[in-house]
Amino acid sequence: MTELRTHADLETLERLVTERWSCRAFLTDEVPHEHIVTLLSLAQHAPSWCNTQPWEVYVTEGPATERFRDGLLAHAIAQGPNLQPDVPMPRPVDYTGVHLQRRREAGWQLYQAVGVTRGDREASARQALKNFELFGAPHAVVITVDASQGSYVCTGNLPETGNYRITELEVGEHGVIGQIIRGAEPAANLPFARCTVGGRIAGVRPF
């Protein structure tokens, strides 16, 4: 019985991991409150540095999401190509070989899916801005820690752990907003009290 249950558990985990995908379009319907609570409750089991469990999460809805969306987009447009992450984040010096190939394939698959043709810089720029419009999602999920903890405390494990339940609840997510939340706060009038280190958007998937 134990072996059968373990095998079934592994199959379930494998299915959830392989079916996970980044959603880039959402319905306007808000996610039921009980679904959000379920996802966050599961995410609380994520590992953290020395079991400090430092995170505090803000979830926007309704007018708060719209203010956040407007503030995030305005900040991104104002910064333009000089847009910098809130937390210092070393970027790859260059993409080469198979890494460059994978990056290009993923990018062109995305653009083709939304009707952007290769070489259309104007259309690709418009599509890029949809990141900061939250892809129409009705919720922003902002992950914070105490400033004294810094950004190394494994906060990435929090949303990823919650993702395992997303497929079952027919909720989509995307991690685009995690890098520039702090710069959007003044326009959004959403003063997050602690050090902002990451974020997700969430909504009901269109299919």
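The values are calculated or read from the model by the stated rules, or taken from the named source; none is laboratory data. Please read all numbers here as calculations on a predicted model, not as lab measurements. Cβ placement follows ideal geometry from the backbone for every residue including glycine, while neighbour counts extend to all protein chains displayed.
Any idea which residue in segment 39-74 is nearest to Asp29 (Cα to Cα), counting only those that are acidic (Asp, Glu) and in a helix (DSSP H, G or I)? Even if it seems obvious, please write down each step before you answer.
First pass over segment 39-74, keeping only residues acidic (Asp, Glu): 56, 61, 66, 70.
Of the ones still in play, those that are also in a helix (DSSP H, G or I) are 66, 70.
On the way: Glu66: 14, Asp70: 19 Å.
Of everything passing the filter in segment 39-74, Glu66 is nearest to Asp29 (Cα to Cα).
Please determine, by comparing only the residues of segment 1-29 that are β-branched (Val, Ile, Thr) and outside any loop (DSSP other than H, G, I, E, B), which one is farthest from the chain's Cα centre (by Cα).
As a first pass, look at segment 1-29 and keep what is β-branched (Val, Ile, Thr): 2, 6, 12, 17-18, 28.
Filter once more, so that each one left must be outside any loop (DSSP other than H, G, I, E, B): 2, 6, 12, 17-18.
Working: Thr2: 36, Thr6: 31, Thr12: 23, Val17: 16, Thr18: 18 Å.
Only one residue fits best here, namely Thr2.
Output the number of the condition that Ile77 fails; it satisfies all remaining conditions of (1) loosely packed, with under 12 Cβ neighbours inside 10 Å; (2) free of Cβ contacts under 8 Å to residues at least 12 places away in the same chain.
Condition (2) is where Ile77 drops out.
Restricting to segment 55-74, what's the tally of residues that are surrounded by fewer than 19 Cβ atoms within 10 Å (Cβ to Cβ) and hydroxyl-bearing (Ser, Thr, Tyr)?
Qualifying residue count for the region: 1.
Answer yes or no as to whether Gly115 is at pLDDT 80 or above, farther than 22 Å from Glu133 by Cβ and assigned to a loop (DSSP other than H, G, I, E, B).
Working: at pLDDT 80 or above: yes; farther than 22 Å from Glu133 by Cβ: no; assigned to a loop (DSSP other than H, G, I, E, B): yes.
No.
How about segment 54-110: which of its residues are modelled with pLDDT of 90 or more and at positive phi?
Across segment 54-110, the qualifying residues are Gly62, Gly97.
Can you name the residue in segment 30-54 that is loosely packed, with under 10 Cβ neighbours inside 10 Å and of a type outside the set (A, V, I, L, M, F, W, C) and, of all such residues, is farthest from the chain's Cα centre (by Cα)? If you could, list the steps in order and put the result at the bottom.
We begin by selecting, within segment 30-54, every residue loosely packed, with under 10 Cβ neighbours inside 10 Å; these are 34, 50-51.
Keeping just the survivors that are of a type outside the set (A, V, I, L, M, F, W, C) gives 34, 51.
Values: Glu34: 20, Asn51: 23 Å.
Out of the qualifying residues, it is Asn51.
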